[in-house]
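Have a look at the structure below, then the notes.
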Amino acid sequence: MLKHELSFSLLLSFVLVAIVPQAGYSRADKKGRLLYMTLSKGYKHQTVEISEQIVKEIGEKSGAFDTTVTEDVGAFTKANLKNYDAVMFYTTGELPMSDEEKSALVDFLRSGHGFVGVHSATDTFYTWGTYGDIIGGWFNDHPWHQLVTIDVVDPKSKLVSFLGNSFQVNDEIYQVSDFKAETTRVLLRLDPKSVDLHARGVHTRYYGWPVAGKGRVYYNGLGHEEAVWNDPRYQEMLLNGIKWVMRQID
């Protein structure tokens, strides 16, 4: 499996949000460069456009990174990826990447660079098994779109420690199949007591419902609602995840 070939030490913080400190963003010592891929070949979320603005904004305000937004799979060449420290996906469907472009992405990650996926990044590349190994699993229905409670599984992690023991958010909650539980460090998980486990489409699995994880791969399952993208907690979580995959924080 890819986890052995690439040694990703996948640490999936499979769930959501983050709070912006009252004093504002802390600034990074070295500015990174992020390639943000927002191509949709399946369902296109209405929040894609605002997400592009917000990701750019949190990079600029924090001083942590500059963002290049693209829908062009041609950006994934070995030569072009040398210009970036991390790649971020808010995507759906079978992206029309060539084998050479896929190989360039894998080599980019194998060399120690970072990957961030948000929300429907798990609803992408179902026919490319290596991608499932990278991101940790695939979308498998969303039975809940409501106010839920998210438990902070790893309160010592710098990525989520500011959230306390739990928090609430109103968003669409993804289930993940083929989850790489053995090679994933879960940071956040859905509190099953906050939802109807008998709702249509619910799949109960031994690993529960992770919502966020990292490795230098970081995935956050939230982000369907515009209000979530505007939520300073979510923005801080994304900032922390991006800085983490860029090795700006431990």
Inset, instruction - For a label point 7 Å from the Cα of residue 166 along Cα→C-beta, name the residues of the stretch 218-239 whose backbone N is under 14 Å from it. - result: none
Legend entry - Rounded FRET efficiency, nearest 0.05, which uses the C-beta distance separating residue 50 from residue 30 and R0 of 41 Å: 0.90
Inset, instruction - Starting from the Cα coordinates of the stretch 29-77, work out the convex hull volume and express it per residue in Å³. - result: 64 Å³
Inset, instruction - Quickly work out the residue 126-to-residue 249 label distance, labels modelled 7 Å from Cα along the C-beta direction, and quote it in nm with one decimal. - result: 3.5 nm
Legend entry - Estimated FRET transfer efficiency when R0 is 30 angstrom, pair residue 71-residue 158 (beta carbons, to 0.05): 0.40
Inset, instruction - Amide H neighbours of residue 146 under 5 Å, at least 5 residues apart or on other chains, H built in the peptide plane: list them. - result: 171, 173
Legend entry - Under 5 Å, built H, 5+ apart or other chain: amide partners of residue 116: 87, 88, 89, 218
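Values in this text are rule-based calculations from the coordinates and carry no lab data. None of these values were measured; they are calculated from a predicted model. Note: ideal-geometry Cβ built from the backbone for every residue, glycine included; neighbour counts use all protein chains shown.
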